[in-house]
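Heads up, the thing below is written out as structure tokens.
Where a number appears in this text, it was derived from the coordinates with a stated rule and is not lab data. What you see is a predicted model; the values in this text were computed from it and never measured. As a convention, Cβ positions derive from the backbone with ideal geometry for all residues, glycine included, and neighbour counts pool all protein chains shown.
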Amino acid sequence: MARAVALLSGGLDSTLSVLLMLRQGIEVTAVTFLTHFGCDAGDTSSCSKDPSLNAVKFGFEVKLCHLADKFIDIVKNPRYGHGRNMNPCIDCRILMLREAKELMSLTGADFIVTGEVLGQRPMSQRRETFPLIDREAGALGYVLRPLSARLLKPTVPEMKGTVNRDKLYAMSGRSRKPQMALAAELGLTDYPNPAGGCLLTEPNYSHRLSELLSENPEPTVNDLHLLRVGRHFRLKSGAKAIVGRNEAENSRLQSLLNKDDYLMGVEDFGSPLTILRGGLRGDASEEDIMTAASICARYSDARHLPAAVVNVMKDNAVFYLNAGPADGGLIESLRIEKRNKTVLPIKAL
Ligand code: SF4
């Protein structure tokens, strides 16, 4: 029986591609790639919270593979550049296909399957980009894209007759309608919407990440996870303050607290939690602590008072200080946020 390794995000396109292989009697081992940036990208149409959702129903195996530092390296230095934001899509696809090629050799599979659709993404899903990616991954001729295969050059499994090309598709572009019709035909009802996905395509996250990398080229995984939470401020010394925006973010901040971090909140008023983390030049200074406390007060229910009592905790020791809420000018100058061309009035910040 012919065997394939499939890149599976759990999104519609990659799942359909697996089902098309199963329909041709091909045994599929799917692999879901995980990164620190919240996406897996067996296809790039969507990312699923549970990529194995359909594995049991349709009868295929799913393996998880975390790309960890290998992925961080290409985010920092992509050979083929970033997309509109920090997304290094071409390098990312090459990396994933290289890993899939290894799995193909290990498992004795005949070829690789992806859910890519010609023209769906401007960077990595172009006619001239597919062969480049496949060649760089050492898998030229062995990467089958079943949804668009009839618009592309035949691959080795098609030429050998392992896969029947006539039963593949000629989809292209960004519309999901043909995929949704095929899903209905194949009995695929459970798949996520195309929202969400890779954080590296989000302008604000990308801006925070690029700011972090310019301050600290070797961030920890914890630093990267912290970028997803709260409002971020870079203080003059290089220290950073992060302010929760709601209960969920406050809990998340607590879970990401490091031993050397300060944790703050305003006493007796509704208050966000605020983490103060020292920069590369060392621990947070007294001035940093005062600034972070004033930012915390600015987002608390005591923001209209001249000053508030802020509790500051580090390593189970607690102390208190009086801090006046930071004014809009300070907030604007320290906040790490992608600016729109329209400048907002300070009171709207
Ligand atoms: S970098 Fe591009 S291809 Fe890779 S996971 Fe992010 S959006 Fe998908």
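Seen from a random direction on average, the alpha-carbon convex hull of the chain projects onto 19.8 square nanometres. The DSSP beta bridges internal to the chain are antiparallel in roughly 60% of cases. When CYS89, CYS198 are arranged by Cβ crowding within 10 Å, least crowded first, meaning fewest neighbours, the order is CYS198, CYS89. When TYR320, TYR191 are sorted by how many other C-beta atoms sit within 10 angstrom of their C-beta, beginning with the fewest, the order is TYR320, TYR191. From the largest down, segment 202-348 spans 38, 36, 28 angstrom on the principal axes of its Cα atoms.
For the pairs LYS76/LYS177; LYS101/LYS259; LYS63/LYS160; LYS76/LYS167; LYS57/LYS167; LYS63/LYS259, note any where the Cα-Cα span goes beyond 32 Å. Going by Cα-Cα distance, LYS76/LYS177; LYS101/LYS259; LYS76/LYS167; LYS63/LYS259 fall outside the 32 Å limit. Applying the Karplus relation 6.51 cos²θ - 1.76 cosθ + 1.60 with θ = phi - 60° to segment 278-284 yields 3J(HN,Hα) values of x, x, 5, 7, x, 5, 5 Hz, where x marks Gly and Pro. Proximity of backbone amide H atoms, modeled 1.01 Å from N, is registered between LYS63 and ALA30, VAL31, THR32 at under 5 Å, excluding neighbours fewer than 5 places apart on the same chain. In the chain, the longest principal axis of the Cα atoms and the axis of helix 89-107 are about 50 degrees apart. Between the DSSP loop rule and a limit of at most 13 other Cβ atoms within 10 Å, which trypsin sites (Lys or Arg not before Pro) in segment 218-287 are left? Sites meeting the loop and neighbour criteria: LYS236, ARG245, LYS259, ARG281.
Helix 203-215 and the long axis of the chain differ in direction by around 70°, with both axes built from C-alpha atoms. Listed values for segment 2-7 are Karplus-derived 3J(HN,Hα) couplings in whole Hz (6.51 cos²θ - 1.76 cosθ + 1.60, θ = phi - 60°), namely 5, 10, 9, 9, 10, 7, and x replaces Gly and Pro.
Per-residue Cβ neighbour counts within 10 Å put THR15, THR32, THR162 in the sequence THR162, THR32, THR15, beginning with the fewest.
Charge tally for VAL5 (other residues, Cβ to Cβ under 11 Å; Lys, Arg +1; Asp, Glu -1): -2. Here's the picture: charge each Lys and Arg Cβ at +1 and each Asp and Glu Cβ at -1 in segment 1-144, and of ALA68, ILE90, LEU7 the one pushed furthest to the positive end of that dipole is ILE90. Relative to the longest principal axis of the chain, what angle (0 to 90°, nearest 10) does the C-alpha long axis of helix 12-23 take? For 12-23 against the chain, the angle is about 30 degrees.
Using the rule -39500 (n - 2.57) for each DSSP H run of four or more residues, divided by the residues of the chain, the 222 nm mean residue ellipticity is -9500 deg cm²/dmol. Here's how it looks for GLY83: its modeled amide H is under 5 Å from those of CYS89, which are all 5 or more places away or on a different chain. Note that segment 324-330 has calculated 3J(HN,Hα) couplings of x, x, 4, 7, x, x, 5 Hz, one per residue in order, obtained from phi through the Karplus relation 6.51 cos²θ - 1.76 cosθ + 1.60 (θ = phi - 60°); glycine and proline are x.
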